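Heads up, the thing below is written out as structure tokens.
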């Protein structure tokens, strides 16, 4: 008995997330019942829509790619104690920079594709440095600065596609990138592109960096206890700036991959808020670089599944987007689940500790 | 004289620690009644019970002869009890008057704040007690001394009869302390009873009418001021039997390893906290720094590892000046440090044990080549230290947060002692440890001393300083007031110096 209890105590973060997901499922079910719809039919069409056949699964994975890369971007920051909510802006600028490099430069694919992706990384990383400098050397809260910096990025790219580097056609967009800058399609007749390989590589590289390098060790130390890090000679401000840069660079990469693999040009407002979804993706993944592959697929599936569900189970699209919101709400409110969980498995007097952890 | 407060047979425990053990206290109306005692003697616990912050296990409280139940601070305020904590409970973004009236503000038509009346009433109250406070300035713009007076005003506005001041002088300059005493005398004249808590004997002798001495959760004695003196109080406070073995004398003392010359530093309020601190620590000796908490020890530790900005003076290690170096280079120059606050500065609680056992050493061979971590070596180091220092942990991957306090401290001690080349700074190395762990840490420090390293020991416990030190430096209000050989001093003499007394009071 004690052994089982210990297992639940040790795996607390994982179970709390799973409980949150299950509760959101129940809440959605109740919502459907309340509006006179069959929740089981909805679930069936949802699963069929996201994973029912090869095409749907490929579609889900395609949507997972930007979510998971952006999720990695968020977790790099979060592991180092910076809360980068500016992924959306960094992603947009990365996408724009890569779209421009993809369109203007003419080089063989071996060089052109990496160059284009690199341009995305640089644009995102450099943009993140503004918030990094403000936080590390001017003490400005990064949540505020990054969220505000999303707007200039959005309107700047909006302005560029409307006025400066526009394509012929009705949709505002940049001209198409060269064939040499495109990521190849992995499965014929689907949209699944080689970005999938990049996601896996990014996850591995991030894990390696955070766990196996001295910089990663120092960044994690800063993230978990700034005072101790400083006491032991780690240059706290420099590590914060570095983690911000890397986080922004990966966010920029997410944008670049979306351009190189999916759209092949910068389509105005192409991002449905990947940068914001990234936060949920990373949270559900418990800030684990491999976990984002799973949670990214989950949220990718949510996007594809909802479409089938609304068509076949006669659920209006508005209700379908509400479902997305409910999942996010339950994940965000998981500290309430946490305190009940602690009360059950550890006892009442430990509930205070959950609050303490939050403060740090 | 009438008795305003009587606390009878108060008991309070925290876990297995008895913070208050059958405490009796009687306070007379219109007097200044001081409570003195070492850290952990139970003074603040007793006052927190009186103010309703803690619930006593047993005991009765009588206020002006009537038995009262105090379940939370609002009960206490209703009864006319006010308490001013060491850390003020003010809202910096609001004005003085708004803070004073908070929750009881005068209103216009029940909804709107009557700002004119607010400021006027605050001004009147301030004038009446000679507090000299401006009602309409923001609290964030006023000094610590004035903030304290705003707290006093807050209590006065709530018709306080009994005012508790918990170490009110800890954050004040001597001038501000003088001003505070003036205010206290004014309040006493108006019939308000003051309970004054302090470590500083000279202050207590200046302001009190009666003094209660506490030690280890018990009341030692309550005396009239005129019947005692600083020496008598110091003896009651610190003159207990030493139960741990004193360290054997140092074997071979070598050249100075660490030298500090005329070091000065300021606190965050730009006030001097260290003034012309000068001392050497020699190879093969333990230099103990004795002093009451808050006399500049923290800043001195932080200066020595490069976190605290120093305004003047120099620190040399092996004759090389190191005070201008960044923290990492200072520590690489050969300083190991056991920090005062183990959870805040000593450990990353969410790291596992093996990660914590190399904190600060991650760039050193063999734990990395400067860029790539060498985890097998880190594991080897962890296994070795866990065995050598008897750290009780289920595994090397165990989260440090979940270890007991003693074992967490062992992780820090193991890391710093084992890898420190020549100089070990140990700040409160046994704080919160039980006797066995304390003894273990002491043994380790002595072993390092005998291995020819220099040890600088900071401890708030005079017993510990006396046990371990070869020489003892006394720090008081940011100055080293004396450096003496252990054999040539006594606890009473040191205690007196720590508390700001001077040599002339010491009987020959």
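Quick look at the numbers
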read-out	value
Where residue B:256 falls short, out of the listed (1) surrounded by 14 or more Cβ atoms within 10 Å (Cβ to Cβ); (2) under 23 Å from the mean Cα position of the chain (by Cα)	(2)
Residue in the stretch A:243-257 that is part of a helix (DSSP H, G or I), over 21 Å from residue A:149 (Cα atoms) and more than 9 Å from every other protein chain (Cβ to nearest Cβ) present	yes
Failed item in (1) assigned to a loop (DSSP other than H, G, I, E, B); (2) closer than 23 Å to residue B:448 by Cα; (3) in contact with a helix residue (DSSP H, G or I) (Cβ under 6 Å, 6 or more places away or on another chain); (4) at pLDDT 90 or above, with residue B:359 passing the rest	(3)
Residue within the stretch A:71-80 that is in the same structural domain as residue A:237 (by TED's automatic domain parsing), modelled with pLDDT of 90 or more and in a loop (DSSP other than H, G, I, E, B) present	yes
Helices (runs of 4 or more DSSP H) enclosed by the stretch A:149-235 - at least 2 residues per element that are more than 14 Å from chain B (Cβ to nearest Cβ)	A:195-212
Any hit, the stretch B:369-377, residues being more than 10 Å from every other protein chain (Cβ to nearest Cβ), farther than 23 Å from residue A:223 by Cα and modelled with pLDDT of 90 or more	yes
Flag for residue B:386 being assigned to a loop (DSSP other than H, G, I, E, B), at pLDDT 85 or above and outside the structural domain of residue B:280 (by TED's automatic domain parsing)	no
Subset of the stretch B:26-45 (residues that are more than 21 Å from residue B:461 (Cα to Cα) and crowded, with 21+ Cβ neighbours inside 10 Å)	B:27, B:32, B:33, B:34
Qualifying residue in the stretch B:143-156 (condition: within 31 Å of the chain's Cα centre (by Cα), farther than 29 Å from residue B:270 by Cβ and buried (at least 17 other Cβ atoms within 10 Å of the Cβ))	yes
Candidates A:78, A:123 - the one that is out of contact with any helix residue (DSSP H, G or I) (no Cβ under 6 Å at 6 or more places or on another chain) and within 30 Å of residue A:218 (Cα to Cα)	A:78
Pairs with Cβ under 7 Å, 6+ apart, first in the stretch B:170-181 and farther than 14 Å from residue B:198 by Cα, second at pLDDT 70 or above	B:173/B:271; B:176/B:145; B:179/B:145
Qualifying helices (runs of 4 or more DSSP H) (wholly inside the stretch A:1-67; at least 1 residues being surrounded by 17 or more Cβ atoms within 10 Å (Cβ to Cβ))	A:12-34, A:39-51
Which listed residue, of B:74, B:126, is over 30 Å from residue B:270 (Cβ atoms), part of a helix (DSSP H, G or I) and either out of contact with any helix residue (DSSP H, G or I) (no Cβ under 7 Å at 6 or more places or on another chain) or at pLDDT 85 or above (or both)	B:74
Answer residue from the stretch B:325-339, given it is surrounded by fewer than 23 Cβ atoms within 10 Å (Cβ to Cβ) and in contact with a strand residue (DSSP E or B) (Cβ under 6 Å, 6 or more places away or on another chain) and is farthest from the other protein chains (Cβ to nearest Cβ) among those	B:334
Which listed residue is in contact with a helix residue (DSSP H, G or I) (Cβ under 6 Å, 6 or more places away or on another chain), closer than 30 Å to residue B:268 by Cα and surrounded by 13 or more Cβ atoms within 10 Å (Cβ to Cβ), from B:138, B:163, B:118	B:163
Residue within the stretch B:389-397 that is under 16 Å from residue B:347 (Cα atoms), at pLDDT 90 or above and within 14 Å of chain A (Cβ to nearest Cβ) present	no
Selection within the stretch B:285-301 - within 13 Å of chain A (Cβ to nearest Cβ) and surrounded by fewer than 24 Cβ atoms within 10 Å (Cβ to Cβ)	B:298
Flag for residue B:254 being over 30 Å from residue B:153 (Cβ atoms), touching a strand residue (DSSP E or B) at 6+ places or on another chain (Cβ under 9 Å) and assigned to a loop (DSSP other than H, G, I, E, B)	yes
Tally of residues being without any contact (Cβ under 8 Å) to a residue 40 or more places away in the chain and closer than 19 Å to residue A:329 by Cβ across the stretch A:1-24	2
Wholly within the stretch B:401-478, helices (runs of 4 or more DSSP H) carrying at least 3 residues that are out of contact with any helix residue (DSSP H, G or I) (no Cβ under 8 Å at 6 or more places or on another chain) and surrounded by 21 or more Cβ atoms within 10 Å (Cβ to Cβ)	none
Matching option when the condition is at pLDDT below 85 and touching a helix residue (DSSP H, G or I) at 6+ places or on another chain (Cβ under 7 Å), among B:491, B:482, B:508	B:491
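To keep it simple, each residue is scored yes or no on (1) loosely packed, with under 15 Cβ neighbours inside 10 Å; (2) without any contact (Cβ under 8 Å) to a residue 40 or more places away in the chain; (3) within 13 Å of residue B:31 (Cα to Cα).
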{"site": "B:190", "(1), (2), (3)": "yes, no, yes"}
{"site": "B:205", "(1), (2), (3)": "no, yes, no"}
{"site": "B:213", "(1), (2), (3)": "no, no, no"}
{"site": "B:219", "(1), (2), (3)": "no, no, no"}
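The values are calculated or read from the model by the stated rules, or taken from the named source; none is laboratory data. Note that the coordinates shown come from a computational prediction; the quantities given were computed from them, not determined experimentally. Positions of Cβ are generated from backbone atoms using ideal geometry, with glycine treated the same way; all protein chains shown enter the neighbour counts.
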